[in-house]
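First comes the structure, then the notes that go with it.
The values are calculated or read from the model by the stated rules, or taken from the named source; none is laboratory data. It should be emphasised that the depicted structure is a prediction, and the values quoted were computed from it without experimental measurement. A quick note on method: Cβ atoms are made from the backbone with ideal geometry, for glycine too, and the neighbour counts reach across all protein chains shown.
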Amino acid sequence: MRILVVEDERELAGLLNGALERAGFAVDGATSCASALDYLRVATYDVAVLDLGLPDGDGMSLLRHLRKDGSALPVLILTARDAPEDRVLGLNAGADDYLVKPFHMPELVARLRALLRRPNAALGVTLTLGNLLLDTSTRQVQVDGVDVSLSVRETSMLELLLRQQGTVVTRAVMEQRLYSFDVQLGSNALEVLVHRLRRRLQDVGATVGIHTLRGVGYLLSEAR
Amino acid sequence: MRWSRRRLIQPRAAGWSLSVRLAWRLSLFVVVAMLLSAGAVAWRTVATVHDLDDAALQQQVRVVADNLPPASADDAPLKLPADVVAPFRASDADNVFMVYGQTGRLLATSDGPTAADAAPFLPTPLHEGLFRVPAVTGDQQGMVGYVLPAGNRWVVVLQGREQADVLADSLMEHFLFGAVWILLPLGCAMVVVSLVTLRRGLRPLTDASAAAASVGPSHPGLRLPVADLPREVTPLVLAVNAALARLEQTIEAQRVFMAEAAHGLRTPLAVLTARLDSLGDIPEVEGLRRDADRMTRLVGQLLRMARLESLPLDVTEPVDLRVVAVEAITDLAPLGLLHGVNLALLGAEGRVPARGNHAALVLAVTNLIENAIGYAPSESVVEVELTAPGQIAVMDRGPGVAPEHRDRILRPFERGPAARAGGAGLGLAIVAQIAAAHGGTLMMEPRPGGGSCFVLQLSSAARAFGDGARTA
């Protein structure tokens, strides 16, 4: 996976590039808008990390320029600005994610990997957590390498939870993603589905847990 | 420097109305002008009629004098020609002549009783000229007379004023009626034209007011339109625009400063954090990482606090308090899990509309939940409840807050005695600040069954919007 890091703070850029290389990325480092455009012209990247305050301009205008040219390159903004309006501005300008400095390297790597996992970035991804594995192309679920049979809807729910593991999937998102318009949704349809999936995972000894956040949604995490 | 639209819009302006005042004054002016001009014309007419009467009177005196028979030595009664006497007699005492001798003896008259009544009012001594006889003579209007010397005798003619005054009265009546028909529509037209001119002239002010109402933290660059404004109010609008420009400059300077401060403080922290992360999992580094994280939290909260204090917050957006709560809970669920604390949202499903600043409200609820997680015992649930319109409550089963600490913990850098290590003591102060920016309050109550309950209450205006939207 080739990544472009646009960051003008040399020390931070050095540490960032080193960490990303250790995480398995092929890293190119640019320190200005102009050099970033040069890199983008000659090479194809899978993802970019973009600082906003650059010496020769604002990273935001670089991003807008990219999006106007029709580039679908996933971009993660890395910035010291954390005012809510800055975040909204960044996401509106076409950023895929927004991370405020200072940040922990593992989080940055995780977020970059999440960007790469997005549907348009790659197909047929294997999602894992603990001893659980889901192949999104074959729809096969395994626990400790042993196949587990789940219903289509249970598999879809598990995929949704696995894709956002460690974070909350709201009920609204689940209802939207799991049910088509013509399904009359009972008030406790989700609860029943989660209950079945949870029991099934328990039965086969999966080391993951589905946490219920009453009134909000569900969160999948590794059992402690 | 907090802006709320409530203060910018006056739904119904108090004070006096220019249109009403103009209409009143013009109407009053028209009525007075009508009365004055009617009075002046009537007065002039009566004076003219009197002059004409006086001329007729003198003519009558002369006719009598010209037809006087020659004087007799002993002032004997005179006999005037019948054609002179007849018209006087026929006038039914409206016109009376008298002839006086040198000694003041009445020599001849057309009407004895009237002459006797009028005698006391004759000028003494007799001399040529007009004189008046008041109404005592039986003639209700009083009479006017003229004295003319004729040789050694005096000729006096009296005439009732009745004709002149009746004429004046009817003239006045006619004139007033005529004038009302002309002047009244004219006056009305004048009032209408003035009001239309006024309204047209002030219409740009309505546009300016609408523009002023939308000036706020989210649109600080907005200016009031000056085009088509009457010259009289342009200075006011220009002055307001200049004030807005100064305000915008101040806000912009603050914004730039806050961004610079954030960048300046966070970049070294980012380098430090990255360097520590690059060292891998060494036990000594774990402590340093915690220190750096704590520093990061402190800097973040200080910046947030400073931003809230120095930059205006737009609290007029429509927000859904349910979405606010869901976002905050979603953000903190992983942290809760780490502490073995579960989160839950109670209250009815569906939208809970209000007015406020979405991002700030999410931050406030996030801080409340974070605070609650810090005090909640393991395996307990921190509950968020949309209790009433414009109200979000965050409840925990922690040790609660002693009454003597309740005011203190809302102040910056003040922390409760049970506070966990690593906090900066700014979380609740930020919540209080955000509540105040929304015209509301942050309240703290002990929770039945143990623990504490923090209630973020928005202003009544935000609530009112919520109520209206919900019943609509």
> From A:VAL42, A:VAL49, which residue is more than 12 Å from chain B (Cβ to nearest Cβ) and within 23 Å of B:GLY280 (Cα to Cα)?
Replying inline: A:VAL49
> Which of the following residues is surrounded by fewer than 18 Cβ atoms within 10 Å (Cβ to Cβ), within 11 Å of chain B (Cβ to nearest Cβ) and either of a type outside the set (D, E, K, R) or over 30 Å from B:ASP314 (Cα atoms) (or both): A:ARG22, A:ARG87?
Replying inline: A:ARG22
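Yes/no matrix, rows are residues, columns are (1) acidic (Asp, Glu); (2) in contact with an Asp or Glu (Cβ under 7 Å, 6 or more places away or on another chain); (3) surrounded by fewer than 16 Cβ atoms within 10 Å (Cβ to Cβ):
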| position | (1), (2), (3) |
| --- | --- |
| A:VAL6 | no, yes, no |
| A:GLU11 | yes, no, yes |
| A:TYR45 | no, no, no |
| A:GLY70 | no, no, yes |
| A:ALA80 | no, no, no |
| A:LEU91 | no, no, yes |
>> Just to be sure I understand, how many residues within region A:178-221 are under 19 Å from A:LEU129 (Cα atoms) and of a type in the set (Val, Ile, Thr)?
In response: 6
> Got at least one residue in region A:96-115 being away from every other protein chain (no Cβ under 14 Å) and assigned to a loop (DSSP other than H, G, I, E, B)?
Replying inline: yes
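With B:ALA328, B:ALA344, B:ALA364, B:ALA372 as the choices, which residue is within 30 Å of B:LEU247 (Cα to Cα) and either more than 39 Å from the chain's Cα centre (by Cα) or modelled with pLDDT of 90 or more (or both)? First the steps, then the outcome.
Details: B:ALA328 fails: within 30 Å of B:LEU247 (Cα to Cα); B:ALA344 fails: within 30 Å of B:LEU247 (Cα to Cα); B:ALA372 fails: within 30 Å of B:LEU247 (Cα to Cα).
Step by step, each of B:ALA328, B:ALA344, B:ALA364, B:ALA372 is checked, and only B:ALA364 is within 30 Å of B:LEU247 (Cα to Cα) and either more than 39 Å from the chain's Cα centre (by Cα) or modelled with pLDDT of 90 or more (or both).
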>> Just to verify a result, which residue in region B:13-43, among those that are among the β-branched types (Val, Ile, Thr) and at pLDDT below 85, is surrounded by the most Cβ atoms within 10 Å (Cβ to Cβ)?
In response: B:VAL30
> Across region B:247-267, which residue is farthest from the other protein chains (Cβ to nearest Cβ) among those that are more than 20 Å from B:PRO312 (Cα to Cα) and crowded, with 16+ Cβ neighbours inside 10 Å?
Replying inline: B:LEU265
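Considering only region B:313-370, how many residues are small (Gly, Ala, Ser) and closer than 22 Å to A:GLY166 by Cα? It would help to see each step written out before you state the result.
First pass over region B:313-370, keeping only residues small (Gly, Ala, Ser): B:325, B:328, B:333, B:336, B:340, B:344, B:347-348, B:350, B:354, B:356, B:359-360, B:364.
Of the ones still in play, those that are also closer than 22 Å to A:GLY166 by Cα are B:325, B:328, B:333, B:336, B:340, B:344.
Result for region B:313-370: 6.
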>> Here are the criteria: (1) within 12 Å of another protein chain (Cβ to nearest Cβ); (2) free of Cβ contacts under 8 Å to residues at least 24 places away in the same chain; (3) under 29 Å from A:GLU85 (Cβ atoms). Tell me which single one B:LEU335 does not satisfy.
In response: (2)
> Which condition does A:VAL169 not pass, out of (1) crowded, with 18+ Cβ neighbours inside 10 Å; (2) out of contact with any strand residue (DSSP E or B) (no Cβ under 8 Å at 6 or more places or on another chain); (3) modelled with pLDDT of 85 or more, if it passes all the others?
Replying inline: (2)
>> Go through (1) without any contact (Cβ under 8 Å) to a residue 12 or more places away in the chain; (2) touching a helix residue (DSSP H, G or I) at 6+ places or on another chain (Cβ under 6 Å) for A:SER180 and report which single condition fails.
In response: (2)
>> Please return the ranges of strands (runs of 3 or more DSSP E) entirely within region A:136-224 where 1 or more residues are away from chain B (no Cβ under 14 Å).
In response: A:140-143, A:146-148
> Only one of (1) among the hydrophobic types (A, V, I, L, M, F, W, C); (2) within 23 Å of the chain's Cα centre (by Cα); (3) within 14 Å of chain B (Cβ to nearest Cβ) fails for A:LEU54. Which number is that?
Replying inline: (2)
>> Looking at B:PRO377 and the list (1) farther than 23 Å from B:GLY450 by Cβ; (2) modelled with pLDDT of 90 or more; (3) away from chain A (no Cβ under 12 Å); (4) surrounded by fewer than 18 Cβ atoms within 10 Å (Cβ to Cβ), which single condition is not satisfied?
In response: (1)
>> Of the conditions (1) among the aliphatic types (A, V, I, L, M); (2) within 8 Å of chain A (Cβ to nearest Cβ); (3) under 26 Å from B:GLY440 (Cβ atoms), B:VAL271 satisfies every one except a single condition; which number is it?
In response: (3)
> Looking only at region B:178-230, which residues are in a helix (DSSP H, G or I), under 30 Å from B:GLY356 (Cβ atoms) and at pLDDT below 80?
Replying inline: B:SER214
> Which of the strands (runs of 3 or more DSSP E) contained wholly in region B:44-148 include at least 1 residues that are more than 12 Å from B:GLN159 (Cα to Cα) and either among the small types (Gly, Ala, Ser) or free of Cβ contacts under 8 Å to residues at least 40 places away in the same chain (or both)?
Replying inline: B:106-109, B:129-133
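I want to confirm something. Restricting to region B:204-229 and keeping residues that are out of contact with any helix residue (DSSP H, G or I) (no Cβ under 9 Å at 6 or more places or on another chain) and in contact (Cβ under 8 Å) with a residue 12 or more places away in the chain, which single residue is surrounded by the fewest Cβ atoms within 10 Å (Cβ to Cβ)?
Going residue by residue through region B:204-229, those that are out of contact with any helix residue (DSSP H, G or I) (no Cβ under 9 Å at 6 or more places or on another chain) are B:206-207, B:209-211, B:219.
Those left that are additionally in contact (Cβ under 8 Å) with a residue 12 or more places away in the chain: B:207, B:211.
Numbers: B:ASP207: 14, B:ALA211: 16.
Checked region B:204-229; the qualifying residue surrounded by the fewest Cβ atoms within 10 Å (Cβ to Cβ) is B:ASP207.
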>> Checking the condition within 14 Å of chain A (Cβ to nearest Cβ) and either in contact with a Cys (Cβ under 6 Å, 6 or more places away or on another chain) or farther than 30 Å from B:GLY425 by Cα (or both), which residue from B:LEU238, B:LEU288, B:LEU279, B:LEU244 passes?
In response: B:LEU279
> So B:ILE251 clears everything in (1) outside any helix (DSSP H, G or I); (2) in contact with a Pro (Cβ under 6 Å, 6 or more places away or on another chain); (3) of a type in the set (A, V, I, L, M, F, W, C) except one condition, right? Which one?
Replying inline: (1)
> Right, A:LEU127: part of a helix (DSSP H, G or I), touching a residue at least 12 places away in the same chain (Cβ under 8 Å), more than 14 Å from chain B (Cβ to nearest Cβ) and among the aliphatic types (A, V, I, L, M) or not?
Replying inline: no
